[in-house]
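Worksheet: the structure to be examined is printed underneath.
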Amino acid sequence: MDVNEVLQFVDRVVFEQTGKHLDDVQRAIVEGTWQRQTYDNIAHECHVNKNYASDVGAELWQLLSQALGEDIKKTNFRSTLERVYIKSSQVIGLGNHHNFHFCTQTFNQHNTNNRETNIKSQSPYYDLTLTPKIINFYNRKSELKTLLSLILDNNIRLISVLGLSGIGKTTLVKRWVDLNLDEFEVIIWKSLKYPKLLELLIDDLLNTCKQELKVTRDDNLKQLFDVFTDKKCLIILDDVHHIFTRGEFSGQYQSVYQDYQNFFKLITETEHQSHLILISQEQCAEMECLDEELYPIKALKLSGLENGEILSGMGLKTDQDSGLKLIEKYQGNPMYLKDVAVLIKDVFDGNVAEFLAEDSLVITKEMRSHFNQLFNRLSPVEQKIVVELSKFDQPVSREELRQHLDLSSIDLINGLQSLQQRYLVSKIKTDPILFNLSLLFQEYLRTIEKNSINP
Ligand SMILES: Nc1ncnc2c1ncn2[C@@H]1O[C@H](COP(=O)(O)OP(=O)(O)O)[C@@H](O)[C@H]1O
Ligand SMILES: [Mg+2]
């Protein structure tokens with residue numbers, strides 16, 4: 001049993017008891033106690049005082065004791081959990097950790113709060129190879145809750161997780177999957193970074209589910225939907241934007257991957273008990289739907305992390321105020337924050353206040369290379385719009401843009417929609433409506449302009 005399994009197990013127990021997942025302090029206590037740390041160390045690491053940490057710990061031990069029918073304290077937490085875990089595996093004949101939910105039910109027959117779950121008669125099929133192992137995870141409580149509610153409570157069949165690159169889409173979904181493994185009989189995660197034809201993807205999915213392949217493509221597709229009907233499956237397709245065309249408006253399928261459009265439609269339009277999560281930095285028409293009653297589709301659009309917790313693990317010298325300023329400057333994007341943290345360590349010896357005193361928005365070379373890729377994915381119309389927007393210090397109205405750009409009304413409208421579907425431009429609902437370019441992308445474009453280098 002490793003620390004991640006322990007965290008999942010305890011989270012599951014707590015969720016069953018209280019309807020809430022572990023918060024960050026509780027997670028730190030479980031993790032720290034497992035690693036035999038003192039409350040002093042744990043409190044220091046999660047920036048709370050020692051008394052508070054030990055109070056939260058005491059409540060947690062009490063809750064676990066009740067749920068598992070064991071007298072659990074900080075001193076015997078590790079040994080008791082190991083024993084309970086082994087015992088529960090033997091009771092239900094499982095050699096793996098996937099049915100934690102079942103385990104806790106076995107130990108708490110009188111628990112009335114349990115979510116109605118799907119207890120599996122056969123061993124589940126999981127393919128989570130090449131997914132990131134989540135070690136540090138901050139914030140995103142409401143997003144985890146939203147996913148839970150969409151997928152498990154409301155049974156939405158097609159869910160998209162959308163947002164700029166680096167904002168934390170993959171991390172969020174993997175964390176959610178880790179916490180909810182036992183809700184599904186099949187979980188398969190595939191990245192489309194190097195996309196394959198739909199028929200090959202379907203073959204892969206069937207293979208993982210140990211189904212024999214049929215001769216024709218249509219039969220395989222039917223076979224897959226039979227599996228979706230028989231079993232509760234969760235399929236995750238990451239980096240979906242790679243099946244869209246570069247240099248065109250957002251979400252236009254490359255002709256070789258056009259079949260995916262029908263596949264996504266089939267997922268929403270047919271009856272079955274499974275779910276598909278699409279992770280993408282570009283939105284397409286199939287990811288959102290106006291008639292939600294008819295087609296169960298939902299999109300979760302991620303914005304930045306809102307507090308400085310993520311900085312705590314980066315080894316920076318910072319107080320709350322400068323931490324928040326740094327987060328704001330880099331729009332809470334964890335990938336940019338990680339990049340800039342390395343720079344602050346290298347050049348400013350980790351001193352955030354000194355870095356902020358520079359008073360310029362520093363674009364690291366990693367960010368720049370990311371923005372280059374983003375810029376190159378844009379259609380020529382979008383490129384013109386962002387270059388023009390980057391010249392303004394304030395949000396700009398459509399009319400103002402029209403005056404400065406040699407574009408037809410239709411091109412301008414479509415371009416503004418597409419840029420919003422890539423999360424580079426946001427709309428401010430004033431009268432007139434104003435459009436705002438992501439500050440970091442703006443800074444990148446300005447630097448390019450200044451250096452007169454073609455992006
Ligand atoms: N909630 C989070 N807590 C801690 N680190 C995070 C969080 N979200 C993302 N990260 C980190 O930020 C980086 C980018 O996240 P990722 O999920 O790959 O972004 P995306 O899939 O949107 O491009 C990764 O290094 C990841 O570990
Ligand atoms: Mg990703």
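Derivation of every value follows stated rules applied to the coordinates shown; laboratory data play no part. Everything quoted here is computed from the prediction, not taken from an experiment. Heads up, the Cβs are rebuilt from the backbone with ideal geometry, glycines too, and the neighbour counts pull from every protein chain shown.
For the range 369-450, what's the radius of gyration and Dmax over Cα atoms, in angstrom?
Values for the range 369-450 (Cα only, Rg and Dmax): 11.8, 36 Å.
If eta is 0.890 mPa s and T is 25 °C, what Stokes-Einstein diffusion coefficient results for the chain, Kirkwood Rh from Cα pairs, in µm²/s?
On the way: Rh = 24.5 Å.
Result for D is 100 µm²/s.
Taking 18 Å as the cut-off for C-alpha to C-alpha distance, list the pairs among Lys193/Lys427; Lys141/Lys174; Lys141/Lys169 that go past it. All intermediate terms of the calculation are to be shown ahead of the outcome.
Details: Lys193/Lys427 29 Å; Lys141/Lys174 14 Å; Lys141/Lys169 14 Å.
Flagged as over cut-off: Lys193/Lys427.
Under 20 Å from a label point 7 Å along Cα→Cβ of Asn262: give me every residue in the range 221-242 with its amide N that close.
The answer is 221-229, whose backbone nitrogens lie closer than 20 Å to the label point.
Per 0.36 nm of contour for each residue apart, how much would the distance between Thr447 and Arg246 grow if the chain were fully extended, relative to their Cα-Cα spacing?
The Thr447-Arg246 span can extend by a further 70.0 nm.
Given Cβ point charges of +1 (Lys, Arg) and -1 (Asp, Glu) and nothing else, what value in debye, to the nearest 20, does the dipole of the range 126-301 about its Cα centre take?
The dipole of the range 126-301 has a size of about 740 debye.
Filter the GluC sites (Glu not before Pro) in the range 342-389 down to the DSSP loop ones having no more than 16 other Cβ atoms within 10 Å, then list what survives.
Those satisfying the criteria are Glu358.
Could you list which residues have their amide H under 5 Å from that of Gln252, counting only those 5 or more apart in sequence or on another chain, with H placed in the peptide plane?
Here the answer is Thr245, since their amide H atoms fall under 5 Å of that of Gln252.
Kirkwood-based Rg over Rh for the range 289-368 (C-alpha set), two decimals?
Values: Rg = 16.6 Å, Rh = 14.0 Å.
Value, to two decimals: 1.19.
Show me, bin by bin at 5 Å from 0, the whole-percent P(r) of the range 17-76 based on Cα pairs.
Per 5 Å bin, starting at 0, the Cα pair percentages come out as 4, 20, 31, 26, 14, 6, 0.
Order of His275, His370, His404 from fewest to most other C-beta atoms within 10 Å? Before the final figure, lay out the partial values.
Numbers: His275 24, His370 21, His404 14.
Lowest to highest Cβ neighbour count: His404, His370, His275.
What spacing in nm lies between the two simple spin-label points modelled at Cys289 and Lys427, each 7 Å away from Cα in the Cβ direction?
2.2
5 Å is the cut-off here: which amide hydrogens, built 1.01 Å from N in the peptide plane, fall below it relative to Ser191, excluding neighbours closer than 5 in sequence?
Asp238
Roughly speaking, what is the stretch gain from Asn4 to Ser409, that is 0.36 nm per residue apart minus the C-alpha to C-alpha distance, in nm to one decimal? The partial results should precede the final answer.
Numbers: separation 405, 0.36 × 405 = 145.80 nm, distance 5.34 nm.
Answer, rounded to one decimal: 140.5 nm.
Note the direction-averaged projected area, equal to a quarter of the hull surface, for the Cα convex hull of the range 274-428, in nm². Please report the intermediate quantities before stating the final value.
Values: hull surface 48.9 nm².
Dividing the Cα hull surface by four gives the mean projection, 12.2 nm².
Mind jotting down a quarter of the surface of the convex hull over the alpha carbons of the range 126-301, in square nanometres, one decimal? Numbers along the way, then the final one.
On the way: hull surface 40.3 nm².
About 10.1 nm², averaged over all directions.
May I ask you to derive the FRET efficiency for Lys365 and Ser79 from their Cβ-Cβ distance with R0 = 56 Å, giving the value to the nearest 0.05?
Details: r = 49 Å, r/R0 = 0.88.
Plugging the Cβ-Cβ distance into 1/(1 + (r/R0)^6) gives 0.70.
Positive end of the charge dipole of the range 369-450 (Lys, Arg +1 and Asp, Glu -1 on Cβ, about the Cα centre): tell me which of His404, Val381, Gln421 has its Cα farthest that way.
It is Gln421.
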